[in-house]
Every structure is written in structure tokens, then in C-alpha cells.
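In what follows, a single structure is set out as C-alpha cells and then discussed.
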Protein chains: 2
Amino acid sequence: MNDHYDKIKNLLIQKNIRPSMHRIKILEYLLANETHPTADRIYNALSAELPTVSRMTVYNTLAIFTERELVHEISIGENESRYDIVTEPHGHFKCTSCGTIYNFDIKADLLASIEPVDFKVMERDVYFKGICPKCL
Amino acid sequence: MNDHYDKIKNLLIQKNIRPSMHRIKILEYLLANETHPTADRIYNALSAELPTVSRMTVYNTLAIFTERELVHEISIGENESRYDIVTEPHGHFKCTSCGTIYNFDIKADLLASIEPVDFKVMERDVYFKGICPKCL
DNA sequence: TTCAAAATTTATAATGATTATAAATACATT
DNA sequence: AATGTATTTATAATCATTATAAATTTTGAA
């Protein structure tokens, strides 16, 4: 039975995160909505189903997820952080017209090739801004 | 005479910014301190010489400078913006140990090569994080 | 099962960078 | 000098995030 939640639970356990109800629901939301949501957006979406959830829990949970590298925090010059399920390395493009944040591919070895020598690089963010095809 | 300030004035005039005293002093500070200062750091440094300067003026001025592309705003995942005199394209590396933000070279054509097709890219930020040679 | 310690969650208030607003001052042009 | 415009200032407001401590839930041993 419940394959769906078992998979999500296992993702948490693999990262050494205890699978509480709220953590499962937040991870489920992130897996289903690859729209780079903000903490507030997640909070609002979950409030419908989990009336007792608090904003703090969302913030706490996202902090743990980020620390354990389940998600990646995006700070593309806005005043609020956005969150992305970590998969392949990729860049982010923000359309300054409609606000949408797009993913775009970047080859991992290309990213490695620009690393400054003698520095230990642990995190790589590429943020481009401009106008998306829809708005052009 | 006063070559120094004439040069700074001209930089402002070239970008269509009227060269008020405070704007000249802020640009002078940015030219002399390529340390990616925050608005607050600039405000504090200038307060010594210009006792009447207000924080708002620093914020206003940095906003104009950014808009006219005299400086570049850096948002490398901190809660405050930093400012960089715009010169050649380059990446930024933040040492998570000592907090220093380093510049590192990126070839302009390499940056162009990773642009997603059909998007009009107007701004390119590359932010790496990790440990710098000093802290290693 | 029961109980105590640990982990998680909640409610509330605080923080702090940035922005909004409107008044005051400086500047430019006739 | 007078007038309109641009700049600067002081003050208060905003708002995402964090701090704190109490409440609740979970866990694991007895």
C-alpha cells in the first residue's frame, strides 16, 4: 500500500531527517510543485489541509531540508527565498517582466571548469535575468 | 587641478547622473573600496566625513547607480545587498568561513555560451560558495 | 504500559534591512 | 531674486525572517 508516502518518507530517512507529518507534507508539496515556491506560499498551500501548521514549522523544515541538501535555496535578488528540489545542476532565469523563474541546463563539467583555483567550491548558483520568450 | 574629482564627476555625467556632493563621495568610496560593501558600511564610512549624510541618501544613490549600471548589486544569499563597481564580467565567491566575497574571472564568451535560447538575457550573476584558500 | 527525556511544533514578539512619505534644503534657469 | 525642480533628510512603516519559550508529540527504556 501507500507507495506514495513511503517514497517521501524514505527520501527523508535517507537524509537523516525524521519523517514527521509536516515534513512529509512539505516535501510532498515541493515534489509536486517545481515552481520555486516561497516559504509563505508553501505555508498558505498547506494551511488548507493542515489547519494547525505554523509558519515557523515551514521555516524550520526548509532550513533542515536545505542543510541536508534535500532542497536548494534560491536567492535571486528578491527579498524572499525560494526553494527548489535538488536534482541535476541547473541555472535559474528570472523574467523581470512576469516574475517567473525558469530552470535552464548547465553542464556540470562546464560549471567545474570556471571554478577559481585553490578555492574549495561547495555551492554553485547561476542567476540570469532578462525577458522570457513569453514576454518577448 | 582637481583631476581626481573631475574624473568621478565625469563618470556620473556619462551615466546621466547629476554629480551632487554625496553622489561623488559615494562613488569615490566605491572606487576606492572594492570590497563589495553594504549600504550600511558605506553610510558609516561616509558619516565621518559628511556628518549630515542620511542612510536614505545612500540607499537612493545606490539605487540610481544600479539602475544606470554604474554599480552592480550583489545578492549572494545574505540578508543585505552588496555593491560592486561594474567593470569586466566576473563571478563572486563567498567564503562561508570568513565571510569574504572574492571576485573570480569568467570569460564573457563562456557566460554567453550557457544562455538559454529564446530568452533575452540582460544580467548574469555567478555565485559560488565554499572555503577560501586562507581558511583552508 | 508508563514515564521521562528528547524532538518537534506552536504562538508571540523581536530583529533588521529596506522602503514609503512628506517636509526641508539645495540647485538651476529665467 | 524668484520659481520650479531635484536632492536630501527625518521619521515611520513594511515585511521576511529569526529568537524565545511554552506546549505538544514522539521515542525508548524500565
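General remarks:
- Test: residue in segment A:52-65 that is aromatic (Phe, Trp, Tyr), more than 14 Å from chain B (Cβ to nearest Cβ) and in contact with a strand residue (DSSP E or B) (Cβ under 8 Å, 6 or more places away or on another chain): yes
- Selected residue (only one of A:Thr66, A:Thr38, A:Thr61 is within 11 Å of DNA strand C (Cβ to nearest atom), hydroxyl-bearing (Ser, Thr, Tyr) and under 29 Å from B:Thr96 (Cα atoms)): A:Thr61
- In the condition set (1) within 11 Å of A:Glu115 (Cα to Cα); (2) out of contact with any Gly (no Cβ under 9 Å at 6 or more places or on another chain), B:Asp109 is compliant with all but (1).
- Single residue of segment A:53-74 satisfying the filter (surrounded by fewer than 18 Cβ atoms within 10 Å (Cβ to Cβ), over 10 Å from the mean Cα position of the chain (by Cα) and assigned to a loop (DSSP other than H, G, I, E, B)) that is farthest from DNA strand D (Cβ to nearest atom): A:Arg68
- Hits in segment B:116-136 (condition: facing chain A (nearest Cβ under 7 Å) and open to solvent by 50 Å² or more (accessible area, probe 1.4 Å)): B:Asp118, B:Lys120, B:Met122, B:Glu123, B:Arg124, B:Pro133, B:Leu136
- Checked against (1) under 22 Å from A:His22 (Cα atoms); (2) of a type outside the set (Phe, Trp, Tyr); (3) within 11 Å of chain B (Cβ to nearest Cβ), A:Asn44 meets all criteria but (3).
Rundown of residues vs (1) modelled with pLDDT under 95; (2) within 16 Å of the chain's Cα centre (by Cα); (3) closer than 19 Å to A:Ile8 by Cβ; (4) surrounded by 17 or more Cβ atoms within 10 Å (Cβ to Cβ), yes/no style:
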| residue | (1), (2), (3), (4) |
| --- | --- |
| A:Leu31 | no, yes, yes, no |
| A:Tyr43 | no, yes, yes, yes |
| A:Phe93 | no, yes, no, yes |
| A:Ala112 | yes, no, no, no |
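- In segment A:66-91, the residues that are outside the structural domain of A:Asn33 (by TED's automatic domain parsing) and free of Cβ contacts under 8 Å to residues at least 12 places away in the same chain form no Cβ pair under 6 Å with any partner that is within 14 Å of DNA strand C (Cβ to nearest atom) and of a type outside the set (Val, Ile, Thr), whether six or more places apart or across chains.
The values are calculated or read from the model by the stated rules, or taken from the named source; none is laboratory data. Predicted model only: the values in this text are computed from it and were never measured. Cβ: placed from backbone, ideal geometry, glycine included. Neighbour counts: every protein chain shown. The accessibility values were calculated without ligands, DNA or RNA, using every heavy atom of the protein model including side chains. Shrake-Rupley method; radii C 1.70, N 1.55, O 1.52, S 1.80 Å.
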